[in-house]
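Asks: Provided herewith is a single structure, encoded as structure tokens, for subsequent inquiry.
The values are calculated or read from the model by the stated rules, or taken from the named source; none is laboratory data. Here the structure is a predicted model, which is why all the values come from computation and not from measurement. Ideal geometry is used to build each Cβ from the backbone, glycine not excepted, and the neighbour counts take in all protein chains shown.
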Amino acid sequence: MKQKKAVSLETFVVLVVIIGGLCLLGNVMGIGNMFNTIMNTAHDLLLNTCFFIMAISVVTGAIASIFAEFGVIDLLNKLISPLMRPIYGMPGAASLGIVTTFVSDNAAILSTAKNESFTKFFKEYQIPALCNLGTSFGMGLILCTYMLALPLEGALTASLVGVLGACVGSVVSVRLMLRATKKYYNVSKEEAKADRAIKGAPKMEDELKTVNGSTLERVLNALLEGGKTGVDMGFAIVPGVLVICTVVMMLTFNPPAAGFTGAAYEGVGLLPKLGSLIQPVTNVLFGFRDPSNIAFPITALGATGAAMGLVPTMIAEGAAGLNEIAVFTAMGMCWSGYLSTHISMMDALDKRQFIKDALFSHTIGGLCAGVAAHYLCMLFGMI
């Protein structure tokens, strides 16, 4: 039985923030128009964004399940394993965390990190860094597929550049995290170099259950089970998209020239004004062409699925191009809504003492991912 929450300072802070925010928006838009815009925007996001992302999740979930069933993920894992120690400072087994989170979501790293046949390859100071590593690639397949579906020529190349940027950000995040954990566990350079020899990554068969039967039965079962997982993930992002994205859009989009009518996607243009204040910085770091672009990384901090819903409107209004797609992919994939998952993931790993270090290192990693994507775009002549 849950205990009742006592009235505290938090109670009044929440009331002030919510009521104050609604009053400020209502003062600009009109109370009736404000609530109509909230409902109409949420409804349009549900129909045209959430269901679209769900469709992508179902398809990618089915493909990922096929890959797992017939050993493709195992092959990718073996190909990536030799790169893990020199690049990340992690055992080759850590590559399993990359491929599983890329085809699913951040939390997929927890199922492997709780498996003793997996963690036996790691030293104590390396376990907390699994949270940063897995989060850096969460929802990668869904995000890339979504970007490919955008009505923009060259989106494929831009999204691949974004993946490279996310890889850079993941290395920065993991290395910073390892630096903190080594200091906590008092691990010397000699001890870090003396990691036990890795005979190879854990077999995917230990992690994934395959279905017995004929090839056709296995294909059909993998497609259906993977598609069902995609449906679950699609439903899971609905609250984030409808709540976070609606608020961000109302703070991002400018007031209509003819005045507020309560239609979807009307806003007060606050974030672009704030973004214009730091535009010289964001232009140098990320190459953003419009102040409103800052809304994507801000939203991705809490929910990448919600941030994805902002992109089509930006493209339609000419506020985003190939460089922005690359940067959005890099930061969206690397951050993967880590502010809403990192704390619970570190708690699940029984490493709560590293929460602050994990958040700090991943913040830096996500910023580096965006910077890397932007300058890779410049290198490839995509700007």
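Asks: Quick check on my filter: what residues within region 137-172 are surrounded by fewer than 19 Cβ atoms within 10 Å (Cβ to Cβ), closer than 18 Å to residue 313 by Cα and of a type in the set (Ser, Thr, Tyr)?
Replies: 145
Asks: Scan region 105-134 for residues that are acidic (Asp, Glu) and farther than 21 Å from residue 339 by Cα and jot them down.
Replies: Within region 105-134, 116, 124 qualify.
Asks: What is the number of the single condition among (1) in a helix (DSSP H, G or I); (2) closer than 26 Å to residue 374 by Cα; (3) not basic (Lys, Arg) that residue 150 does not meet?
Replies: Residue 150 satisfies all of (1) in a helix (DSSP H, G or I); (2) closer than 26 Å to residue 374 by Cα; (3) not basic (Lys, Arg) except (1).
Residue-wise test of (1) farther than 30 Å from residue 128 by Cα; (2) touching a residue at least 60 places away in the same chain (Cβ under 8 Å); (3) not small (Gly, Ala, Ser).
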{"site": "24", "(1), (2), (3)": "yes, no, yes"}
{"site": "32", "(1), (2), (3)": "yes, yes, no"}
{"site": "37", "(1), (2), (3)": "yes, yes, yes"}
{"site": "43", "(1), (2), (3)": "yes, yes, yes"}
{"site": "54", "(1), (2), (3)": "yes, yes, yes"}
{"site": "62", "(1), (2), (3)": "yes, yes, no"}
{"site": "70", "(1), (2), (3)": "yes, yes, yes"}
{"site": "75", "(1), (2), (3)": "no, no, yes"}
{"site": "86", "(1), (2), (3)": "no, no, yes"}
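Asks: Another question, then. Looking at region 235-354, what helices (runs of 4 or more DSSP H) fall wholly within it and have at least 2 residues that are buried (at least 19 other Cβ atoms within 10 Å of the Cβ) and modelled with pLDDT of 90 or more?
Replies: Because the criterion is at least 2 residues that are buried (at least 19 other Cβ atoms within 10 Å of the Cβ) and modelled with pLDDT of 90 or more, the helices (runs of 4 or more DSSP H) in region 235-354 that meet it are 279-286, 295-300, 311-316, 322-335.
Asks: The conditions are (1) under 20 Å from residue 345 (Cα atoms); (2) of a type in the set (A, V, I, L, M, F, W, C); (3) over 17 Å from the mean Cα position of the chain (by Cα), and residue 98 fails exactly one of them. Which is it?
Replies: Unmet for residue 98, out of (1) under 20 Å from residue 345 (Cα atoms); (2) of a type in the set (A, V, I, L, M, F, W, C); (3) over 17 Å from the mean Cα position of the chain (by Cα): (3).
Asks: May I pose another question? I need the helices (runs of 4 or more DSSP H) fully contained in region 17-113, keeping only those with at least 3 residues that are within 22 Å of residue 137 (Cα to Cα) and at pLDDT 90 or above. Lay out the reasoning, then the answer.
Replies: Values: elements: 31-45, 51-69, 72-88, 95-102, 108-113.
Here the list reads 72-88.
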